[in-house]
Structures are given as C-alpha cells and as structure tokens.
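Inspection log for the structure reproduced underneath, given as structure tokens.
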Amino acid sequence: MLELLSSHACHGGEQRFYRHESQTIGLPMRFSVYLPPQALQPDAKVPALFYLAGLTCTEETFAIKAGAQRFAAQHGVALVAPDTSPRGAGVPNESASWDFGVGAGFYVDATQEPWARHYRMYSYVRDELRETVSNELPVDGSRLGIFGHSMGGHGALMLALRNPDIYRSVSAFAPIAAPTRCPWGEKAFSGYLGEDRETWKEYDASELVGRASRKFAEGILVDQGLADQFLAEQLYPDVFEAACREAGQPLTLRRHAGYDHGYYFISTFIEDHIAHHAKVLLG
C-alpha cells in the first residue's frame, strides 16, 4: 500500500513523494516519482528511469536539484528516485559516518551483522521498488532504464550490468566506477559484505562489465567533471573505461573541464542523459 505524502504540479505532470512499508527492508521506505503529462492520460503506461542518488542524499535530492522534470515531460518518461538507505534500523552508530550507514547503503545486500537485516538496497531497488512502481503507478515495467550519481552511479552501473534483462538503458554522473579499489568502496564493502574481496566484485562495475550476459548495444553514457574533488582518489573512471574497452562494451565517457561533483554539474548535462535513455526506451 502506497501512502502519498505530497504531490506538486510540475511541467504539466506531477512530482509525487510516497512512503510504503518495505518487506525487503523491513522498515518504511520513501521514494519520489515524477509522472510526465503523458502518464496522466487514461490507461497510460510510460517508460521509467530509476535514479540512484549519492552519499548523504534522500529521495528528495534529485527531484529538487537536477531539473530533470522538464526533459522527462518532453520525452514522456517517468522518473523514480528511492532513498539512499534504510532509516531507523536501530543499528548502533549507524549515523556516525557520512559515508557508511544512514544515507550510504551503497545499493548492496549486506551479509554482515548488524547490517544484514535491513540494509538490502540491491534487492529493494531491483525487485520491490520496481514491482511496486510498475503495479501501482502508470509505469511500463518492460521499458526501464537506470542512472545515478557518485555512489548512485556505482549502483546504476552495477545493477544494469547484473540485470540487463530488467534495465534496457544505463548512464551515470561521476560514478564510483571501481569501488573495490577506492576508500569509500573498501569501507562500505568490508562493513556490509565482510573481508572476502571476491564477494565485493559482484558489486563492482569495472569487474562486472567483462562478464555481463548481454552488452548495452546503444552504449553506456558517463559524464565526469575534471574539477571533481573526488576524481583521483575515489572514482576511477579510467578503470571502467579500460574494462569496457576490453569487454567490447560501447561506452561514451565525457570529461568536462571545470565541473565539480555536485548538482550544478548534473543539472548541466541532465538533458543529455534523459535523451540517451529515451532513445532506447521509446525506440
């Protein structure tokens, strides 16, 4: 059962915020949905893009900051953005670090206690949220894409590469592209998944692209700012680029001088990402 928290007219459509009792997480979860004007017509079903946000963000961040609704309305595509972690799990010190715990679920299914019970963002996004949106809202579950930023860029690339039968298109802004090699990823994966680094590879896009069951023939789009303060230590787009080249996966990696890691960067190039997905999903 979806609880509508608020709805706002936006570019001829509606920006909505929902809450529901998640069976996967075992706690209430929130997400946002932008329904373009095409989705508000009788018996309509529109394609949808799932957007995964980065560290410290919520389901509101993308809707408020990215300016994506204008372009989603033009193409007739819905936008779905979940929260970035469970809230209120009661794990000791779960809010002690900004890059681990609350606001930092890393889109994995935790296997280590005390995180394993509630921190199941991979299954939540891939299964429960997708099915909920497809069943309860005017969304066509056979035409889905996924994209994200930073931690969410990692999540989008990883989920798409592991599930090309679900997601038909994928893109990312400044993704954590090789999380098994960077401090953010090492901290999150050791905490959520344990010390066996082989298990980490199941959540690393640079490891997954070579063994994906299907290529994204239309290509993966990644935008990266060259003034990004996290580029050298945390993001490793060059590693992902090399892995795509070796795997024969088409990739457009655009590097932009002067742009940093934030939403001014995202809002500048969001139109291109919506168009990239719409080309595939509207076919």
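Computed from the C-beta positions of GLU246 and GLU131, the FRET efficiency with R₀ = 25 Å rounds to 0.15. Estimated from helices alone, the mean residue ellipticity of the chain at 222 nm is -8000 deg cm²/dmol (sum of -39500 (n - 2.57) over DSSP H runs with n ≥ 4, per residue). Going by the alpha-carbon gyration tensor, a ≥ b ≥ c the square roots of its eigenvalues, is the stretch 172-215 rounded (a/c under 1.5) or, if a/c is not under 1.5, prolate (a/b greater than b/c) versus oblate? Since a/c reaches 1.5 but b/c is at least a/b, the shape of the stretch 172-215 is classed as oblate. The portion of the accessible surface of the chain made up by carbon and sulfur, rounded to a whole percent, is 46 (1.4 Å probe; DNA, RNA and ligands excluded).
For the residues ALA243, ALA104, ALA44, a GNM of the chain with alpha-carbon springs under 10 Å puts the largest fluctuation on ALA44.
Building the convex hull from the alpha-carbon atoms of the stretch 200-283 and averaging its projection over directions returns 6.2 nm². Calculated translational diffusion coefficient of the stretch 1-80 (4 °C, 1.567 mPa s; Stokes-Einstein with Kirkwood radius over alpha-carbon pairs) equals 98 µm²/s. Sparse packing (at most 16 other Cβ atoms within 10 Å of the Cβ) combined with a DSSP loop state is found for the following trypsin sites (Lys or Arg not before Pro) in the stretch 152-219: ARG214, LYS215.
When Rg is the radius of gyration of the Cα atoms in the chain and Rh is its Kirkwood radius, what does Rg/Rh come to?
With Rh from the inverse mean 1/r over Cα pairs, Rg/Rh is 0.94.
DSSP beta bridges fully contained in the chain are about 50 percent antiparallel. Straight Cα distances below 23 angstrom link LYS279 to the lysines LYS45, LYS215, with same-chain residues fewer than 8 positions distant left out. Only Lys, Arg, Asp and Glu carry charge here, each on its Cβ (+1 for the first two, -1 for the last two); on that basis the stretch 72-196 has a dipole of about 280 debye about its Cα centre.
Each Cα pair under 8 Å and six or more residues apart adds its sequence gap; the mean of these over the residue count of the stretch 117-249 is a relative contact order of 24 percent. Please list, by residue number, everything in the stretch 153-191 whose backbone N is under 18 Å from a paramagnetic label point 7 Å out along Cα→Cβ of GLU113. Of the residues in the stretch 153-191, 191 have backbone N under 18 Å from the label point off GLU113.
Using a probe radius of 1.4 Å on heavy atoms only, what accessible surface per residue do you get for the chain? Whole Å² is fine. Don't skip to the end; give the middle numbers.
Details: 11220 Å² over 283 residues.
Using a 1.4 Å probe on heavy atoms only, each residue of the chain averages 40 Å².
The values are calculated or read from the model by the stated rules, or taken from the named source; none is laboratory data. The model shown is predicted, which means the values in this text are computed figures rather than measured ones. Virtual Cβ from ideal backbone geometry, glycine too; neighbours counted across all protein chains shown. In case anyone asks, the SASA skips ligands and DNA or RNA and just uses the protein heavy atoms, side chains included. Shrake-Rupley method; radii C 1.70, N 1.55, O 1.52, S 1.80 Å.
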